[in-house]
Amino acid sequence: MLAYALRRLGQSAFVLAAMSFLVFLGVYAIGNPIELLVNPEADQAERLRAAAALGLDKPLLVQYGVFLVHAAKGDLGRSFVYNIPAIQLILERLPATLELAFAATVIAVLLGIPLGLLAGLKPHSWIGRSIMAGSIVGFSLPTFWVGLVLIMVFSVELGWLPPNGRGATVSVLGFPVSFLTLDGLKHLAMPALNLALLKLSLLVRLTRAGTREALLQDYVKFARAKGLPMRRVIGVHVLKNIMIPIVTVIGLELGSVIAFAIVTESIFAWPGTGKLLIDSINQLDRPVIVAYLMVIVTIFIAINLVVDLLYSLLDPRVRIGAAAPAH
Amino acid sequence: MLRMIRIAAVALCVSLAAMGAAARDREVAIGLSSAITSMDPHYHNLTPNDALVLHVFEPLIQRDANMKLVPGLATSWRAIDDLTWEFKLRKNVRFHDGSPFTAEDVAFTLKRVPNVPNSPSSFATYTKSIVDVKIVDPYTIVFKTATPHVLLPSDMAAVYIVSKKNGEHATTEDYNSGKAAIGTGPYKLVEYVPNQRVVLAANYGYWGGEEPWDKVTFKILTNSAARVAALLSGDVQMIENVPTSDIAQIAKDKRFHVVDKVSNRVIYVHLNQSTDKAPPFVTDKPGKPLEKNPFRDARVRKALSIAINRDAIAQRIMEGKAVPAGQLLPDFFFGTSRKIKPPKYDPEGAKKLLREAGYPDGFALTIFGPSNRYINDEKIAQAIAQFYSRIGIEAKVQTMPASVYFTRATRLEFGYMLLGWGTESGEQGSSLRSLLATYDPSKGMGVTNRARYSNPQLDRLIEEAMGTLDDRKREALIQQAAELAMGDTALIPIHYEVSTWATAAGFRYTPRTDQYTLATGLRPGR
């Protein structure tokens, strides 16, 4: 187990270093931040001063070296645009994004798995067919369009829900969360639903396919032949066996929802990291881009670890650290 | 009895509702289209910042809605001689913490401006001409410049005065947190959340009189559909930059009101004249680079200008929210010439000019432009390409994000560049100097002259104008320079952007030509 954790850690450090270098190179290739930051009426002296102030006057490799030295001390640099430590800018927004991502995932899981199960058990009934039709709609409608329609219906026409922003927050373990206040829930409802829609459709289809396949397996036939109640057959034999791919997908999707909820965040002006990333790319705010991607890679690594641990809980045949000889 | 109770209850409800409405009426929320990057008035010279911070801090000289200079913290100013300026300061002005405003604060501000650490775009541009500051008395201050500096009053409109007492040792963070954000302005800073919102509260002791709003919340709504939705749902009472496609619909709705004003931003084309041979992406029709640079021929430049139907672009693409341009600023600004009219659409004349210049069959070029930097920039580039096909010029269009585009344009990697320019000084002399004077960045001449257009006669006129303190003489010189440059088609002006604001009914906004969105311009109204 320890060897496994160490190996994982080593891999992660390598991924982080490689990624930060690629981002450095990428931003350098896109353009010169000074062009976007400096007032166009500024003269040459002012341009040189700004470049020196931001450390952009040095060769790229030197800049990267400086970054590595500082990063080793835990300093990922200051935003060119805001003059605020990049990591602080990100961590201030991360709770909002995490909350949105978890809310969307919870909606997707709580609705998607039961609906998918239902559709898998009764594939030819009207209910199974309408669930599948609904999931196709959920798949094919673009997120930004659904978001705008939600705003038009629930904010503009009905006036039930606020169209943008995050509601009142309360502090839980030092993190500001908004799902515990009524105002917060009202603000959270639409963006979370909008973000959940695609995952929901995905989970419905995945669960349905898994269920239909599992129903034909010998162990299900055997369980039914044994006279077990249908509820137990589904709850224990079917569900447990189809969970492995579903957990994998939920894990991957959770990561991508955290990292790339950009469209939903900008339509609902949700103060999360996705919006920060896109603004930073447009402004070539390199310290923020680098720090953001490092945070996201770290989160992906953590989620993958959790998924691996969940496998072993769901399926005793999967052992953590299987590559190392077991004692 | 029962009836009386009922009446009393109704009356109570009505008065409670009225009180609630009254309390709410003095609060207002405004949707902004771009992020505010700092509350430090000297950190990042950027239009949205300059507009927002103006609620909290004030300059010596203010600008009215037409960008004309009017007294601010200074009641009057004059040039004593070519190198000396005297400012008389307003008395009885207090900072938000109650301390009085004096010449010490002005001197402190001028010292702080060039020394803000990590500033990505410094305000030192506006103070570097001042070599010496002398405090005559608490309400009189004298600036010395090394050379005659005509833009000094205009520069002083861009430098916001901070309090010496609160500003010494204060960092940009202290301004963002509100600790040092103590100005003389009509509003106090309550909260600044980067990329989300800025909350202001009225400064009841403001020297200019009380504002109608107790609390103003600026929300950052960069997505234009989200901004419109926030207005429609009543979440905000005003938005800026109404998307052109939504203007007609909102204007028709009785619950809203749209106002607009022509801005100080001109959309123009720079033709790269830096090379003897053809500049990049300018070829003959089979794709071979041309032997000569066609853009060095004034006839070709003029042909490319009169081939564009500016009225059609303003009406169809901009839905009327643009004014065809013939120079760099609309003609109510200082230094503009009423003799210059937007070039008339004349495709036949353009063909004739091309024939005279030795291109009877035209040539091929690629129009480069940013995507989503200026209003409808991509569509404008495509329209220009279509107009060119009518005079036998094969034009392709390539647009890219601003982050890529401007870096490459500055490296002169393009031949034909669609660009925009907002004149912050409010006088045409400074735009002529930045865009069309011969490129010499060390002297501050032609710093954004991506055409590398060079005309010694024009340089002389600009230099003379920028050294003439007498307003009337200077204006005549700038007009002369503008007539010369535009007569030579030194660049191709397309149109002036029109800025738009939409308010809920019951609010009136005084639109501004500098594109600022200010709570001080928002008033309760019909």
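Just so it is clear, none of the values below were taken in a lab; they were calculated from the coordinates. Only a predicted model underlies this, so the values are computations on that prediction, with no experimental measurement involved. Here the Cβ is made from the backbone with ideal geometry for all residues, glycine too, and neighbour counts use every protein chain on show.
Taking H as built 1.01 Å from N, whose amide H comes closer than 5 Å to the amide H of B:VAL93, not counting residues under 5 places away?
For B:VAL93, whose amide H was placed from the backbone, the distant partners under 5 Å are B:PHE101.
For each of B:PHE295, A:PHE14, A:PHE179, count neighbouring Cβ atoms within 10 Å of the residue's Cβ, then give the residues from fewest to most.
Arranged by neighbour count, lowest to highest, B:PHE295, A:PHE14, A:PHE179 become A:PHE14, A:PHE179, B:PHE295.
Can you tell me, using C-alpha contacts under 8 Å and at least 6 residues apart, the relative contact order of the stretch B:80-166 as a whole percent?
39 percent
So what is the relative contact order of the stretch B:150-200, in percent, for Cα pairs below 8 Å that sit 6 or more residues apart? Walk me through the numbers before you get to the answer.
Values: 37 pairs, mean separation 11.4, N = 51.
Answer for the stretch B:150-200 is 22 percent.
Setting aside same-chain residues fewer than 8 positions from A:LYS199, which lysines have a Cα under 23 Å from its Cα?
Excluding near neighbours in sequence, the set is A:LYS122, A:LYS186, A:LYS240, A:LYS275.
Would you please state which residues of the stretch A:274-314 a label at A:ALA5 would reach in this model, taking the label point 7 Å out along Cα→Cβ and a backbone N cut-off of under 18 Å?
A:299, A:301-313
Against the longest principal axis of chain B, how steep is helix B:471-487, in degrees 0 to 90 to the nearest 10, with axes from Cα atoms?
The two axes meet at around 40 degrees.
Going by amide H atoms built from the backbone, whose H comes under 5 Å of the H on B:GLU394, apart from near neighbours?
B:PHE363, B:ALA364, B:LEU365
Sum up the charges of everything whose Cβ sits under 13 Å from the Cβ of B:GLN249, counting Lys and Arg as +1 and Asp and Glu as -1, but leave B:GLN249 out. Before the final figure, lay out the partial values.
Numbers: positive: B:LYS252, B:LYS254, B:ARG255; negative: B:ASP246, B:ASP253, B:GLU319.
Counting the neighbours of B:GLN249, the net charge comes to 0.
To check you understand DSSP bridge types, tell me what percent of the beta bridges within the protein assembly as shown (both residues inside) are antiparallel, rounded to 5. Spell out each step's value before the answer.
Values: 69 of 89 bridges.
Bridges in the protein assembly as shown are about 80 percent antiparallel.
Excluding residues fewer than 8 places away in the same chain, name every one of the aspartates and glutamates whose C-alpha is closer than 18 Å to that of B:LYS321.
Once the sequence-local aspartates and glutamates are set aside, what remains near B:LYS321 is B:GLU240, B:ASP246, B:ASP260, B:ASP311, B:ASP331, B:ASP377, B:GLU378, B:GLU497, B:ASP514.
What lysines could a cross-link reach from B:LYS91, if we take a straight Cα to Cα line under 17 Å and drop same-chain neighbours fewer than 8 places away?
B:LYS164
May I ask for the net charge around B:TRP421, where only other residues with Cβ less than 15 Å from the Cβ of B:TRP421 are counted and Lys, Arg are +1 while Asp, Glu are -1?
Taking every other residue near B:TRP421 into account, the sum is -3.
So how far, in whole Å, is the C-alpha centre of the stretch B:459-482 from the one of the stretch A:71-143?
61 Å
Please work out whether chain B counts as rounded, prolate or oblate from its C-alpha gyration tensor, where a ≥ b ≥ c are the square roots of the eigenvalues and a/c under 1.5 means rounded, while otherwise a/b larger than b/c means prolate and anything else oblate? Write down the numbers at each step before the final one.
Values: a/c = 2.36, a/b = 1.39, b/c = 1.70.
Taking the square roots of the gyration eigenvalues as a ≥ b ≥ c, chain B is oblate.
Post the alpha-carbon centroid distance, the stretch B:255-274 to the stretch B:323-398, in whole angstrom.
Using only Cα atoms, the two centres lie 15 Å from each other.
Given the rule -39500 (n - 2.57) for each run of at least 4 DSSP H residues, summed and divided by the residues of chain B, what is its mean residue ellipticity at 222 nm, to the nearest 500 deg cm²/dmol?
So the helix-based figure for chain B works out to -8500 deg cm²/dmol.
Report, in degrees rounded to the nearest 10, the 0 to 90 angle that the Cα long axis of helix A:86-121 makes with the longest principal axis of chain A.
With both axes taken from Cα atoms, the answer is about 20 degrees.
So, with +1 on the Cβ of K and R and -1 on the Cβ of D and E, and no other charges, what is the size of the charge dipole of the stretch A:219-272 about its Cα centre, to the nearest 20 debye?
720 debye
Amide H of B:GLY444 versus every other amide H placed in the peptide plane: which residues, excluding those fewer than 5 positions away on the same chain, fall under 5 Å?
A:GLN44
What is the dipole size for chain B, taken about its Cα centre, with +1 at each Lys and Arg Cβ and -1 at each Asp and Glu Cβ, in debye to the nearest 20?
1080 debye
Can you compute 3J(HN,Hα) from phi for each residue in the stretch B:219-234, using the Karplus curve 6.51 cos²θ - 1.76 cosθ + 1.60 with θ = phi - 60°, rounded to whole Hz and x for Gly and Pro?
The phi angles translate into 9, 8, 10, 6, 6, 5, 5, 5, 5, 5, 4, 5, 5, 4, 8, x Hz.
Please check which bits of the stretch B:289-316 a label hung off B:LYS352 would reach, taking the label as a point 7 Å along Cα-to-C-beta and the cut-off as backbone N under 13 Å.
From the stretch B:289-316, the list is B:303.
So how tilted is helix B:377-389 from the main axis of chain B? Cα-based, degrees 0 to 90, rounded to 10.
20 degrees
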